[in-house]
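Asks: Provided herewith is a single structure, encoded as structure tokens, for subsequent inquiry.
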Amino acid sequence: NDAPLLRVERAAVVAFGVPSYGCHVNGWTRRDGEMHIWLAKRALSKPTYPGLLDQLAAGGLPAKTSLLENAKKESAEEASIPPEILDRDLRAAGCVSYRYAAKRGLSTKTLAVFDLELPEDLVPLNGDGEVDAFVLMPVDEAVRSLRSELYRWKPNSALVMLDFAVRHGFVSPDDPEFITVAHDLRSYSASSRASVRS
């Protein structure tokens, strides 16, 4: 519980090459026994990746906010999910990590991933203007979209969707890419001895 030595504005972390953190929430439900995923179509007014597919809710991790608090906050703001459903059904599901060279420096990110089973009759409603529409898609259709229509997806959201598909058995272990994909989703993470401090 030591106090952090330094806090950096999120927009500046790439320039310093230090890791940043975020939360993505997979909202899923069953229709006629088939697993479906709720996807957000990002608002066309967004400065980054407008109109692309995203998770039900997602956001960077602010200082002084826990991963669970952030996942609940983003789900309430972006999809109007009632707090009683979040308290009962939101489940931590691991992390997805990646890094890439950007114009301003090195982008190094670790995303805490959460799964949220939603009632069949619940339809997400955007509350903060960051989503133009929510789309309910069978998970196997989402996997086909990742394979053939990757341009429709926000890049890190595609990784989180792929992670969800692997964890829930929608990518066969006999798939020629299975081991590579499963490994690469976690190929980079901040040091296991480091911690996310609020």
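The values are calculated or read from the model by the stated rules, or taken from the named source; none is laboratory data. Bear in mind that the values here come from a model prediction, so they are computed numbers and not experimental data. Cβ coordinates were reconstructed from backbone atoms using ideal geometry, including for glycine residues, and neighbour counts include every protein chain displayed. These area figures cover heavy atoms from the full protein model, side chains too; ligands, DNA and RNA do not enter into them. Shrake-Rupley method; radii C 1.70, N 1.55, O 1.52, S 1.80 Å.
Asks: Report the local net charge at residue 18: Lys and Arg +1, Asp and Glu -1, summed over other residues whose C-beta lies under 12 Å from its C-beta.
Replies: On the way: positive: 7, 10, 99, 109; negative: 9.
The answer is +3.
Asks: Just to be sure I follow the definition: excluding the sites themselves, where is the longest run in the chain that has none of the GluC sites (Glu not before Pro) in a DSSP loop with at most 15 other Cβ atoms within 10 Å? Don't skip to the answer; put the middle values down first.
Replies: Values: sites that count: 9, 120, 149, 177.
Result for the longest clean stretch: 10-119.
Asks: May I pose another question? Can you pull the one-decimal nm distance between simple spin-label points at residue 174 and residue 148, each 7 Å off the Cα toward Cβ?
Replies: 2.1
Asks: Using only the alpha-carbon atoms of the range 1-69, report the extent along each of the three principal axes, biggest first, to the nearest angstrom.
Replies: Here the Cα extents, ordered largest to smallest, are 52, 32, 17 Å.
Asks: Apply the a/c threshold of 1.5 to the C-alpha gyration tensor of the range 45-198 and tell me whether it is rounded, prolate or oblate. Numbers along the way, then the final one.
Replies: Numbers: a/c = 1.33, a/b = 1.09, b/c = 1.22.
Cα axes put the range 45-198 in the rounded bin.
Asks: Compute the length gained on full extension between residue 100 and residue 125: take 0.36 nm times their separation in residues and subtract their Cα-Cα distance, giving the result in nm to one decimal.
Replies: Values: separation 25, 0.36 × 25 = 9.00 nm, distance 3.28 nm.
Value of the extension gain: 5.7 nm.
Asks: Count charges around residue 44 for me, please; just the other residues with Cβ under 12 Å from its Cβ, Lys/Arg as +1, Asp/Glu as -1. Numbers along the way, then the final one.
Replies: On the way: positive: 41, 42, 46; negative: 130, 132.
With Lys, Arg at +1 and Asp, Glu at -1, the net is +1.
Asks: While we're looking at this one, here's another question. Per the helix-only calculation at 222 nm, which mean residue ellipticity applies to the chain, given -39500 (n - 2.57) for every DSSP H run of n ≥ 4 and division by its residues, nearest 500 deg cm²/dmol? Walk me through the numbers on the way to the answer.
Replies: Numbers: 6 runs with 54 residues, N = 198.
That comes out to -7500 deg cm²/dmol.
Asks: Top to bottom by accessible area (1.4 Å), largest first, where do 7, 42, 30, 104 land?
Replies: Details: 7 125, 42 20, 30 100, 104 150 Å².
Putting 7, 42, 30, 104 in descending order of accessible area: 104, 7, 30, 42.
Asks: Measuring from label point to label point, each 7 Å out along Cα→Cβ, what is the residue 32 to residue 182 span in nm?
Replies: 3.1
Asks: Additional query: Please give the solvent-accessible surface of residue 170 in Å², to the nearest 10, using a probe radius of 1.4 Å with every protein chain present.
Replies: 70
Asks: Let me spell out the model: positive unit charges on the Cβ of Lys and Arg, negative unit charges on the Cβ of Asp and Glu, origin at the Cα centre of the range 46-198. What dipole size does that give, in debye rounded to 20? Before the final figure, lay out the partial values.
Replies: Values: 18 positive and 23 negative charges, 225 e Å.
About 1080 debye.
Asks: Let me ask something else. What per residue convex hull volume, in Å³, do the alpha-carbon atoms of the range 1-120 yield?
Replies: Details: hull volume 15.9 nm³, N = 120.
In the range 1-120, the Cα hull volume divided by residue count equals 132 Å³.
Asks: Okay, next question. So what's the gap between the Cα centers of the range 110-189 and the range 58-94, to the nearest angstrom?
Replies: After rounding, the separation between the Cα centres reads 17 Å.
Asks: Same structure, new question: Just to be sure I understand the model, the point goes 7 Å from the Cα along the line to the Cβ. What's the resulting residue 2 to residue 84 distance in nm?
Replies: My value for the distance between the label points is 4.4 nm.
Asks: Let me ask something additional. Charges on Cβ only, +1 for Lys and Arg, -1 for Asp and Glu, centred on the Cα centroid of the chain; of 161, 114, 8, which one is farthest towards the dipole's positive end?
Replies: Value: 8.
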